[in-house]
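Peer 1: My questions all concern the structure below.
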């Protein structure tokens with residue numbers, strides 16, 4: 001399976017332009033032979049545009065998701081619709097989805113299959129509070145879905161979730177062999193960005209793909225470096241901090257082969 005990480009230029013508050021770039025990236029990735037395209041965290045409004053969250057919030061299935069579902073269907077690719085600011089009340093009113101709160105906002109990723117059908121909804125589990133308003137403005141999610149796609153069991157986490165290894169253990173216990181991590185990781189924490197996903201890949205013997213954005217905001221700049229790690233923690237493909245399309249070919253049999261060769265997961269002790 002070929003995965004493409006769309007490291008988009010994200011302009012603060014320029015939702016229409018940002019979504020246009022996302023849709024165009026899906027087309028470029030499909031032309032490059034991708035089976036699955038993944039977008040960054042809050043690619044619509046920009047993570048650091050906290051004062052715009054409420055104004056730009058959408059329900060699951062809103063205009064942004066409609067456009068990306070249509071792009072998935074038109075080009076025959078799976079799409080991880082990065083994350084958007086979700087209006088939970090609007091979602092509850094318009095869909096049959098359960099929501100973590102009858103009101104409020106969430107940082108929400110949606111997985112569409114090749115037919116543009118919604119297969120999973122993931123709301124960021126751990127909200128960032130360090131020099132950030134995210135934990136004040138948003139409601140955390142609780143469900144951790146795993147989706148079968150092209151021979152992989154795909155898990156989803158978001159950015160700050162990388163610092164909580166128990167979440168990844170839960171995904172592995174549910175069968176995950178690939179974890180997609182849409183992110184908005186800023187300078188100067190380059191070492192953390194390179195260390196944490198590699199550790200999650202190594203300790204869980206699974207593929208991990210981190211999808212970061214590119215661009216500068218008033219108080220922060222995204223460091224890019226979207227990267228695909230294999231189950232040994234080896235970098236298969238990466239980028240610098242400029243907009244890029246990062247592609248890698250993944251073997252669904254490699255996870256089982258690595259786990260058979262190095263059976264650390266079966267040596268786990270509980271309690």
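Please treat every number below as a calculation from the coordinates, not as lab data. Small disclaimer: the values here were computed from a predicted structure and weren't measured. Methodologically, a virtual Cβ is constructed for each residue, glycine included, from the backbone with ideal geometry; neighbour enumeration extends over all protein chains shown.
Peer 1: When the distances between all Cα atoms of the stretch 217-271 are binned every 10 Å from zero, what whole-number percent does each bin get?
Peer 2: Binned Cα distances yield the sequence 20, 32, 24, 18, 7.
Peer 1: In whole percent, what relative contact order does the stretch 1-104 give with Cα contacts below 8 Å and a gap of six or more residues?
Peer 2: Relative contact order for the stretch 1-104 comes out at 29 percent.
Peer 1: Same structure again: Compute the relative contact order of the stretch 2-267 as a whole-number percentage, counting only Cα pairs closer than 8 Å that sit 6 or more residues apart in sequence.
Peer 2: Contact order relative to length: 19 percent.
Peer 1: Considering only DSSP beta bridges with both partners in the chain, what is the antiparallel share in %, to the nearest 5?
Peer 2: Bridges in the chain are about 65 percent antiparallel.
Peer 1: Please quote Rg/Rh for the stretch 1-47 to two decimal places, taking the Kirkwood radius as Rh and restricting both calculations to Cα atoms.
Peer 2: Result for the stretch 1-47 is an Rg/Rh of 1.00.
Peer 1: Additional query: From the P(r) of the chain, could you give the percentage of C-alpha pairs in the tail past 26 Å?
Peer 2: 35
Peer 1: Something else about it: Report the Cα centroid-to-centroid distance between the stretch 8-33 and the stretch 189-255 in angstrom, as an integer.
Peer 2: Here the answer is 19 Å between Cα centres.
Peer 1: Where does the stretch 175-247 land on Rg/Rh, using Cα atoms and the Kirkwood Rh?
Peer 2: My calculation puts Rg/Rh at 0.99.
Peer 1: Classify the stretch 135-271 as rounded, prolate or oblate from the Cα gyration tensor: take a ≥ b ≥ c as the square roots of its eigenvalues, call it rounded if a/c is under 1.5, otherwise prolate when a/b beats b/c and oblate if not.
Peer 2: The shape class here is prolate.
Peer 1: Right, another one. Order of 213-220, 153-160 by packing, highest average Cβ count within 10 Å first?
Peer 2: Output ranking for 213-220, 153-160: 153-160, 213-220.
Peer 1: Rounded to the nearest 500 deg cm²/dmol, what is the calculated helix-only ellipticity per residue at 222 nm for the chain, with -39500 (n - 2.57) per DSSP H run of length n ≥ 4?
Peer 2: After summing the helix terms and dividing by residue count, I get -8500 deg cm²/dmol.
Peer 1: Restricting everything to alpha-carbon atoms, can you work out Rg to Rh for the stretch 48-95 with a Kirkwood hydrodynamic radius?
Peer 2: Looking at the stretch 48-95, the ratio lands at 1.03.
Peer 1: May I pose another question? Highest GNM mean-square fluctuation, the chain, Cα pairs closer than 10 Å: which of 147, 85, 26?
Peer 2: 147
Peer 1: If you take the C-alpha gyration tensor of the stretch 155-201, multiply each eigenvalue by 5 and take the square root, what semi-axes do you get, largest first, in whole Å?
Peer 2: 20, 10, 8
Peer 1: Still on this model: Over 16 Å apart: what share of the alpha carbon pairs of the stretch 125-212 falls there, rounded to a whole percent?
Peer 2: Looking at the stretch 125-212, the distances longer than 16 Å represent 52 percent of pairs.
Peer 1: Need the full-extension length gain, residue 251 to residue 203, defined as separation in residues times 0.36 nm minus the C-alpha distance. One decimal, nm.
Peer 2: 15.4 nm
Peer 1: Using Cα pairs closer than 8 Å and at least 6 residues apart in sequence, work out the relative contact order for the stretch 224-271, in percent.
Peer 2: 28
Peer 1: Just how many % of Cα pairs in the stretch 61-162 lie over 25 Å apart, if you round to the nearest whole percent?
Peer 2: Within the stretch 61-162, distances greater than 25 Å cover 19 percent of Cα pairs.
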